[in-house]
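Shown next, in structure tokens, is the structure this report addresses.
The values are calculated or read from the model by the stated rules, or taken from the named source; none is laboratory data. Keep in mind it's a predicted model, so treat the numbers as computed, not measured. Please note: Cβ atoms are built from the backbone with ideal geometry, for glycine as well, and neighbour counts cover all protein chains shown.
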Amino acid sequence: MINDTQWNLWEVFVQLKTGKPHEHVGSVHASDKEMALQNARDVYARRDKPVSIWVVPSDNIVATIPQDNEAFFDPADDKVYRHPLFYKIPKGVSVDIH
Amino acid sequence: MTEEQRLEEFQRKIDSGEKIEPKDWMPESYRKNLIRMISQHAHSEIVGMLPEGNWITRAPSLRRKLILLAKIQDEAGHGLYLYSAAETLGASREELLENLHTGKAKYSSIFNYPTLTWADIGAIGWLVDGAAMVNQVSLIKTSYGPYSRAMVRICKEEAFHNRQGYEIIAELCNGTPEQKQMAQDALDRWWWPAIQMFGPEDTKSTHFEESMKWKIKAESNESLRQKFINMTVPQAEARGLKIPDPNLVFYPETKTYTYGEVDWNEFFNVIQGNGPMNKQRVRARKKAHDDGKWVREAATAYAKKKSKQSAA
Ligand SMILES: [Fe+2]
Ligand SMILES: [Fe+2]
């Protein structure tokens with residue numbers, strides 16, 4: 001006996017133009033990947049003509065936990081030597097690319 | 001962090017205009033309030049397809065039929081954006097639908113009125129989508145990220161809904177006296193229910209205070225209603241239509257209309273299930289759901305069979 005469900009949840013990512021990144025737009029329910037793509041198209045692309053859609057089973061997405069952000073992302077901003085302005089360039093030369 | 005510190009941090013984020021995202025800590029009543037509000041909104045989009053669906057096969061031209069089909073399909077899409085947003089808060093789709101079908105969850109009272117003539121399709125696009133748009137533009141400012149993003153998406157599509165409705169009304173007003181009378185009759189029947197869509201004036205309840213301090217809602221019912229009236233009255237007058245409210249007075253200094261008393265008894269009566277179409281609406285929705293059961297089961301069985309084959 002099969003339970004009457006609304007199927008699994010899939011996250012939808014749409015790329016609107018070549019050269020642009022895929023962007024998360026929402027989710028759909030579908031029984032398999034083909035249906036997930038079709039539903040994603042019907043729900044999230046009724047007007048714009050995207051160049052690409054990705055669908056990913058929602059429970060396959062691994063995400064950071066906001067409560068851990070402090071510790072998890074902290075190392076990023078204490079390494080000032082990662083930023084170009086940390087360095088002194090002698091006068092008279094330019095190292096910037098124009 | 002203690003509960004109190006969390007709450008402070010939460011409030012600080014909201015006050016500084018940051019959005020709350022699904023995995024962020026949030027007070028339980030913020031979550032509950034949002035699930036209730038977003039799912040009611042979703043149900044309204046879905047049930048809202050029924051009064052218009054009534055006219056698909058009787059649209060007066062192929063052009064009108066195509067437009068109406070596209071508009072109703074958009075409303076299905078709106079429902080799905082919103083269910084998706086509610087699910088980010090931990091609600092399940094099965095449970096949300098169950099609540100609609102058992103009558104536990106509410107939807108906008110306006111969809112419990114019948115669509116008697118073609119002019120009603122014009123009045124719905126013009127007034128009902130117009131009112132929905134005023135509400136939804138304001139909700140872009142809601143503090144909950146997924147709800148706000150769904151509103152951006154929806155608002156982009158609503159402009160077409162509103163315009164096609166006004167175009168139908170304008171066409172009828174340019175037609176025979178009988179056609180113009182049809183437009184007036186539709187306005188007479190839909191005006192007050194549209195005004196009621198914003199809900200009664202907010203009372204000083206904890207519920208309301210929470211939803212303002214946490215920016216679940218950005219504006220009060222009363223201020224949204226006023227916006228809608230100020231916007232819509234000139235549109236009616238431009239077509240030579242008369243708003244069925246003898247107390248409508250324009251104040252040029254404030255560019256605002258005062259209006260007559262709203263019949264909130266009627267509103268609550270309809271919300272409680274006694275409107276002209278409540279029973280038909282829920283019955284139609286349940287029937288569509290039940291009739292689709294075999295499709296859901298077949299698709300599940302097919303997916304299982306295929307994944308077995310690819311595993312073998
Ligand atoms: Fe809508
Ligand atoms: Fe709409």
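Some notes on this structure:
- Considering only residues in region B:142-166 that are surrounded by fewer than 22 Cβ atoms within 10 Å (Cβ to Cβ) and free of Cβ contacts under 8 Å to residues at least 24 places away in the same chain, the one that is nearest to the other protein chains (Cβ to nearest Cβ) turns out to be B:Lys156.
- Where B:Met277 falls short, out of the listed (1) in contact with a Pro (Cβ under 8 Å, 6 or more places away or on another chain); (2) within 14 Å of chain A (Cβ to nearest Cβ): (2)
- Pairs, first away from chain A (no Cβ under 14 Å) and of a type in the set (D, E, K, R) in region B:113-130, second part of a helix (DSSP H, G or I) and away from ligand 2 (no atom under 15 Å from the Cβ), C-beta under 6 Å, six or more apart: B:Asp120/B:Ala186
- When B:Arg93 is tested against (1) touching a Phe, Trp or Tyr at 6+ places or on another chain (Cβ under 8 Å); (2) under 24 Å from B:Glu171 (Cα atoms); (3) without any contact (Cβ under 8 Å) to a residue 60 or more places away in the chain, only condition (2) is not met.
- Checklist (1) within 16 Å of ligand 1 (Cβ to nearest atom); (2) surrounded by 24 or more Cβ atoms within 10 Å (Cβ to Cβ); (3) over 20 Å from B:Leu50 (Cβ atoms) applied to B:Ile121, failing item: (3)
- Filter result for B:Ala170 (crowded, with 19+ Cβ neighbours inside 10 Å and either of a type in the set (A, V, I, L, M, F, W, C) or within 11 Å of chain A (Cβ to nearest Cβ) (or both)): no
- Test for B:Arg163: is it of a type outside the set (A, V, I, L, M) and either within 16 Å of ligand 2 (Cβ to nearest atom) or more than 29 Å from A:Val14 (Cβ to Cβ) (or both): yes
- Applying the condition of being more than 15 Å from ligand 1 (Cβ to nearest atom) and of a type in the set (A, V, I, L, M) to region B:70-111 and asking which residue is farthest from the other protein chains (Cβ to nearest Cβ) yields B:Ala105.
- Test: residue in region B:19-40 that is within 12 Å of another protein chain (Cβ to nearest Cβ), within 27 Å of B:Gly103 (Cα to Cα), within 15 Å of ligand 1 (Cβ to nearest atom) and crowded, with 17+ Cβ neighbours inside 10 Å: no
- Residue ID - surrounded by the fewest Cβ atoms within 10 Å (Cβ to Cβ), chosen from residues in region B:96-109 that are under 12 Å from the mean Cα position of the chain (by Cα) and more than 12 Å from ligand 2 (Cβ to nearest atom): B:Lys106
- Test: residue in region B:128-149 that is more than 16 Å from ligand 1 (Cβ to nearest atom), over 23 Å from B:Leu68 (Cα atoms) and out of contact with any helix residue (DSSP H, G or I) (no Cβ under 8 Å at 6 or more places or on another chain): yes
- Any chance B:Val152 is under 13 Å from the mean Cα position of the chain (by Cα) and away from ligand 1 (no atom under 12 Å from the Cβ): no
- Test: residue in region B:50-58 that is within 14 Å of another protein chain (Cβ to nearest Cβ) and either within 15 Å of ligand 1 (Cβ to nearest atom) or over 20 Å from the mean Cα position of the chain (by Cα) (or both): no
- Test for B:Tyr113: is it over 30 Å from B:Lys215 (Cα atoms), within 14 Å of ligand 2 (Cβ to nearest atom), among the hydroxyl-bearing types (Ser, Thr, Tyr) and modelled with pLDDT of 95 or more: no
- Matching residues in region B:140-160 - criterion: being out of contact with any strand residue (DSSP E or B) (no Cβ under 7 Å at 6 or more places or on another chain) and more than 14 Å from ligand 2 (Cβ to nearest atom): B:Ile140, B:Lys141, B:Thr142, B:Pro146, B:Tyr147, B:Ser148, B:Arg149, B:Val152
- Reported count of residues in region B:14-58, each being of a type in the set (Phe, Trp, Tyr), farther than 22 Å from B:Gly122 by Cβ and either touching a Leu at 6+ places or on another chain (Cβ under 8 Å) or free of Cβ contacts under 8 Å to residues at least 24 places away in the same chain (or both), is 1.
Quick grid of which residues meet (1) over 20 Å from B:Gln184 (Cβ atoms); (2) of a type outside the set (Val, Ile, Thr):
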| site | (1), (2) |
| --- | --- |
| B:Ile243 | no, no |
| B:Val249 | yes, no |
| B:Thr256 | yes, no |
| B:Phe268 | yes, yes |
| B:Lys279 | yes, yes |
